[in-house]
Amino acid sequence: APAKAKKIKSKGNNVELSSDGEVEEGSWEMEEEEEDGSSEEMVDDYGASSSEEEELLPIEKAALKQKSDRGDLSEDTSEEEEEEEQVAEEAVEEASGEKMGQKEEESPDLQINLDIDEQFKLPTNEQIEREDILFPPDLHTIHQRIKGNMEVLQDFVVKREEGRTRQEYLALLRRDMAAYYSYSDFLLMKLMDIFPLPELINFLEANEVPRPVTIRTNTLKTRRRDLAQALINRGVNLDPLGKWSKTGLVIYDSSVPIGATPEYLAGHYMLQGASSLLPVMALAPQENERILDMCCAPGGKTSYIAQLMKNTGMILANDSNAERLRSVVGNLHRLGVTNAVVSNCDGRQFPKVCSCLLWSVLGGFDRVLLDAPCSGTGVISKDPAVKTNKDEKDILRCAHLQKELILSAIDSVNAASETGGYIVYCTCSITVEENEWVVDYALKKRNVRLVATGLDFGKEGFTRFKDRRFHPSLKSTRRFYPHTHNMDGFFIAKFKKFSNAIPQAQKEPAVEAATPSAVPGTVMEPQPKKKKLEGSKVDKEQNRPQPALKKRRSLQAQSRPLKA
């Protein structure tokens, strides 16, 4: 018997349901006839059902018929196109396979050519003159040339251009860095002597970025925890400065002016660079000591010393600039410092002018802090003018002043102090002439020795620099750089004075000056000059004629008084 499917039309739509409840989406299916062994499907010529066919107009029916004819043709053409595409792809694959073999053979030569093209080549003199006069290059071109030059210098034997010397590469590098970072040629030469080339680039890049804003908690009035909470409540984003500091805080962001908060006006903290905390930590002042801050302005280090001493003992805050002392007085009052005396003296004349006060009344100082005036090559991020306005004369002038100041600071310290006898010398410069050179000079001229600074980080000072050789104990000095420690460039050295006597080399001029006045009322001529005068008289007498000489001697004998 033929199998039949019962169709049920739903009300309200054309969806058909089978007897078992499934939805029929297609057209009606005819009964299967097992006798004929074939099944026939009723397919509409226009692709629509009989119900839709009745609703279409004759023109629409004709259009549908044409579309169906085109569809049949497109199927035939698409099959032919697919076959043609397959044939074309096979032909392309065969051709590419043949070419790949050739490319594999040629690829080493091509790779070598690419490597040769990518190697850095020095520009000719004509190109350099053209860049300077006609076509000034942009910063991107100079930066790429600096990178290429650095790669060649790091592996000079392999990557150098034939017939070119290292000096030519260094001269071009110095010229490009001077143009890119806006430095003078003199300062770049100094920096290239101090740093290796990769580290020099990091130093120059670090100077283009400002250092983080840091503050120091004034423990005379508050604690760091309470200050941090108060500033956080005012919208300040901060963190502790580091494990090495118990009072420092670093400010990342602030919604209020950090130098005008009620806490700042009340003296709860001081705006101070991280590197300025290190000299006071190296000095390590003790309670009830006598401390001299020889160059104290603007008062940050002086107030930190008073904070560590808990307002005990005595601090003499001296500075040669009277205008800068106003800020010192204001900060000391705001921070609640009560054990400081402010003075306006030339530090070089300090032991001479204040000798009576120092030794007869005070007995000398226990510790001295000398933050000497310098060229400022460590704080270029704060003062970019240093890049171009410093020359050799400025460096040597600062070095000469620092040598005078450090001898004066050593002479102001009492070596017999029970708790002290220490001098800390520091600068915000990184040049060797202002740091190791000055320290080595002080070691030769006074009875002092270098001791450990007590700082756990920082780079060691130079014991040799170019053709100079310094004392081996300069390893105990410390250098700080912006690209390694994220603080201003700084140098710190700590001395221990072991004798108040001045070495013999310094006493010789004083002894010579004192010998003529050893016997009152007598005038003594130096022996060499006397011999020279006597010799000249003898020569003159020998040249004169004999009769004249006899006559002169007889006159001298008559004029001499007779001896008693």
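Report the normalised scattering of the range 223-270 as log10 I(q)/I(0) at q = 0.13 Å⁻¹, calculated by the Debye formula with identical scatterers on the alpha carbons. These q points yield log10 I(q)/I(0) values of -0.26. Would you work out which of Gly461, Gly489, Asn288 lies farthest towards the positive end of the dipole of the range 274-497, given +1 charges on the beta-carbon of Lys and Arg and -1 on that of Asp and Glu, about the Cα centre? It is Gly461. Ranked from largest to smallest solvent-accessible area, with a 1.4 Å probe on the protein heavy atoms, Thr247, Thr141 come out as Thr141, Thr247. Charge dipole (Cα centre; +1 on Lys/Arg Cβ, -1 on Asp/Glu Cβ; no other charges) of the range 268-411 amounts to roughly 200 debye.
Annotation for Lys475 and Lys147: the two label points, set 7 Å from Cα along the Cα-Cβ direction, are 4.0 nm apart. Put Ile201, Ile142 in order of accessible area, highest first, and with a 1.4 Å probe you get Ile201, Ile142. Other residues whose C-beta falls under 11 angstrom from the C-beta of Glu392 contribute a net charge of +1, scoring Lys and Arg +1 and Asp and Glu -1.
Note on Asp467 and Ser255: the model spin-label points, each 7 Å out from Cα along the C-beta direction, lie 6.3 nm apart. Ligands, DNA and RNA left out, the 1.4 Å accessible surface of the range 136-240 is 51% carbon and sulfur atoms.
What is the local net charge at Thr463, summed over the other residues whose Cβ is closer than 13 Å to its Cβ (Lys, Arg +1; Asp, Glu -1)?
Net charge in that neighbourhood comes out at +4.
Share of carbon and sulfur in the accessible area of the range 274-497 stands at 50%, probe radius 1.4 Å. Along its principal axes, the range 386-445 has C-alpha extents of 47, 19, 15 angstrom, given from the largest down. Accessible area of His140 (1.4 Å probe, protein heavy atoms only, ligands and nucleic acids ignored): about 120 Å². Derived scalar couplings between HN and Hα for the range 303-311 equal 5, 5, 4, 4, 5, 6, 7, 6, 6 Hz in order, rounded to whole Hz, by the Karplus curve 6.51 cos²θ - 1.76 cosθ + 1.60 (θ = phi - 60°), x for Gly and Pro. When the pairs Lys301/Lys387; Lys403/Lys497; Lys301/Lys494 are compared against a 22 Å limit on Cα-Cα distance, Lys301/Lys387 fall above it. Measuring only protein heavy atoms, the 1.4 Å probe finds Arg469 accessible over about 130 Å². Accessible area of Phe457 (1.4 Å probe, protein heavy atoms only, ligands and nucleic acids ignored): about 50 Å². Counted residue by residue at 0.36 nm each, then reduced by the alpha carbon distance between them, the extension gain from Arg166 to Met192 reaches 8.0 nm. Here the label points at Thr338 and Arg326, each 7 Å from Cα along the C-beta direction, are separated by 2.8 nm in the simple model.
The values are calculated or read from the model by the stated rules, or taken from the named source; none is laboratory data. Note that the coordinates shown come from a computational prediction; the quantities given were computed from them, not determined experimentally. Neighbour counts are summed over all protein chains in view; Cβ atoms, including those assigned to glycine, are modelled from backbone coordinates with ideal geometry. Surface areas here come from the heavy atoms of the whole protein model, side chains and all, with no ligands, DNA or RNA. Shrake-Rupley method; radii C 1.70, N 1.55, O 1.52, S 1.80 Å.
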